[in-house]
Amino acid sequence: MPRPPEPALRRARPTPRDLRADVWLAGGLLVAAVLSTALGSVSGVFGDETAGVEWALLYAVALTAPLAVRRRFPEIVAVIVSAAFFVAVSARIPEIYVGNVAIFIAMYTVGAWVEDRRRAAIVRIAIIVGMFIWLLVTTFQAATAPTEEGLSRVGFFSPFVAFMLIQFLVNAAFFGGAYYMGDRAWAAALERADLERRTDELEREREVTAAQAVALDRVRIARELHDVVAHHVSAMGVQAGAARAVMDRDPDAARDALRGVEGSARSALDELRHLLETLRTTDAESGDPSTIGLENIGDLVVHASATGLPTTFQVVGNPVDVPAVVQVNAFRIAQESLTNARRHGGPGTTADVRLRYTPDALELEVTDTGRGRGEFRPGLGIVGMRERAAASGGELEVGPRERGGFLVRLRAPLRAEAVAS
């Protein structure tokens, strides 16, 4: 099944703290612009051709106030700041430093915060092209002005030409740096967003995996408890019933039956103790996950016969090495099958257990001659048998036989690795 496409990454929106920082930045630059304008007027940056103080104050506000909302409206702020800078220089307002800082911040903000990358590029390129056209025009005007003042214009590479080249190179570095740093900030923000998204996904997957592990453990514990308790309690019930039936007329037989109840209780306690020890032991500390295997099926058959279910046992083929997981699961399936036969088969039921070794698989077949059980509805025991068969990498056939009785057949491959149960 193909994986669904990942959602497009988006930069996180500015936080209230970011927006408050923009307001403080605009206020700081406003103060700096006012001071820079006043000092520039005193120092005579543009000589005698200087705009009035009221225009300087208006310029300081128009240059810096839009930066208070720079992350909310990046493109508009960049256009306003650029236009204010252009008008101020054209009107010879004596401020040149804070204006450069404001334009850099505005250009950077467009690259760092505008989600439509095509629009971000168009806005910045338009501002850069406009500024360089303006620089070319002013350079041409200065070069053709009929005056002898200023830098010498004599020669192909005169001081005037060198100064103009410096202006072009500085502006290229200035606008190029703002463009590049804005794009890098955008890329870094996307990388952080992707990292946060992947971190969230990993956290969710970890929680799901932990929940699945807990669920699997609960299923495994429930299956083991069902197999151990159901078998022995069923046998104890049959033996106790037999003891009660013969108690008055044959006390010796009743005592034998009660001894069987005692033996079944001890066996149940031993298996429960072993199960609890296994559950409390980590996989690294557990050298032997179970003490039961195929060799114990014979004892299981003897116990079934002794508790009122005459059972035969047959091994077909030459025994081979079988994975421990498959052995445990086969034993438990045989145990559950005989328990069901004793509980549901009725009087006179007999059972047969066959263990067959083939070149590539192990087959376990348990049949009984019990009466019909009506509509077949799998219970927890059969569900557990199916889970064990799947954990062994095999298949389970279970259900009533046409000629009467019940059939459980397990086929587990010998060479395929079983899934841990």
Residue match in the range 320-335 (condition: assigned by TED's automatic domain parsing to the domain that holds Leu355 and closer than 22 Å to Leu258 by Cα): yes
Any hit, the range 109-128, residues being part of a helix (DSSP H, G or I), more than 45 Å from the chain's Cα centre (by Cα) and small (Gly, Ala, Ser): no
Hits in the range 293-331 (condition: more than 18 Å from Arg356 (Cβ to Cβ), touching a residue at least 40 places away in the same chain (Cβ under 8 Å) and assigned to a helix (DSSP H, G or I)): His303, Ala304, Ala306, Val325, Val328
Residue pairs meeting the criteria (Cβ under 6 Å; at least 6 apart or on separate chains; first farther than 13 Å from Leu58 by Cβ, in the range 86-100; second aromatic (Phe, Trp, Tyr)): Arg92/Phe46; Pro94/Phe46; Gly99/Phe85
Residue among Ile133, Ile122 that alone is at pLDDT 90 or above and surrounded by fewer than 22 Cβ atoms within 10 Å (Cβ to Cβ): Ile122
First in the range 337-353 and outside the structural domain of Gly308 (by TED's automatic domain parsing), second anywhere and crowded, with 17+ Cβ neighbours inside 10 Å and among the small types (Gly, Ala, Ser), Cβ under 7 Å, 6 or more apart: none
Hits in the range 388-408 - residues which are buried (at least 19 other Cβ atoms within 10 Å of the Cβ) and part of a helix (DSSP H, G or I): Arg388, Ala389, Ala391
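The values are calculated or read from the model by the stated rules, or taken from the named source; none is laboratory data. This is a predicted model, so every value here is computed, not measured. Because the Cβ atoms are built from the backbone with ideal geometry, glycine has one as well, and the counts that use them run over all protein chains shown.
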